[in-house]
Amino acid sequence: MANTKSAKKMVRKIAHRTAVNKSRRTRMRTLVRRVEEAISSGDKTAASTALKSAEPIIARAGQTGIIHRNTAARKISRLSKRVAAL
C-alpha cells in the first residue's frame, strides 16, 4: 500500500495510464481483426479501406509504447503484403 503522498498520486496516475493504454490496445486489435476478416472474405476494397484506418492506429501504438515500434512496423508490413496479394 502506498504510504507517501507522492506514492498515492503515482498509484492514481498508473491506474489512469493503464486504462488509457488498455483502451488503445483494444482499439488497435479490433482494427487489425477487421483487416484480417476482410482479407479472409477476399474483399480487396474492404480490406484496403480497413487497412487505411488501421495503419495510423498501429503506428501510433508503436510510437506511444503500447507495443514495440518494430512490432508495429511488422504488423503494418504483413497486413499490407496480404492486402496487396488479394
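The values are calculated or read from the model by the stated rules, or taken from the named source; none is laboratory data. Just so it is clear, the model here is predicted, and its values are computed rather than measured. Glycine gets a Cβ as well: all are built from the backbone with ideal geometry, and neighbour counts include every protein chain shown.
Odds and ends about this structure:
- Residues of the range 51-69 that are more than 17 Å from residue 22 (Cα to Cα) and either touching a Leu at 6+ places or on another chain (Cβ under 7 Å) or not in a helix (DSSP H, G or I) (or both): 51, 53.
- Hits in the range 44-74 - residues which are under 15 Å from residue 24 (Cα atoms), β-branched (Val, Ile, Thr) and surrounded by 14 or more Cβ atoms within 10 Å (Cβ to Cβ): 57, 58, 66, 67
- Cβ-Cβ under 7 Å pairs, at least 6 apart or on other chains, the range 20-38 side more than 19 Å from residue 80 (Cα to Cα) and hydroxyl-bearing (Ser, Thr, Tyr), far side surrounded by fewer than 13 Cβ atoms within 10 Å (Cβ to Cβ) and modelled with pLDDT of 95 or more: none
- Residue 57 at pLDDT 95 or above and closer than 22 Å to residue 86 by Cβ: yes
- For the range 75-86, a residue qualifies if it is surrounded by 12 or more Cβ atoms within 10 Å (Cβ to Cβ) and part of a helix (DSSP H, G or I), and the qualifying residues are 75, 76, 79, 80, 82, 83.
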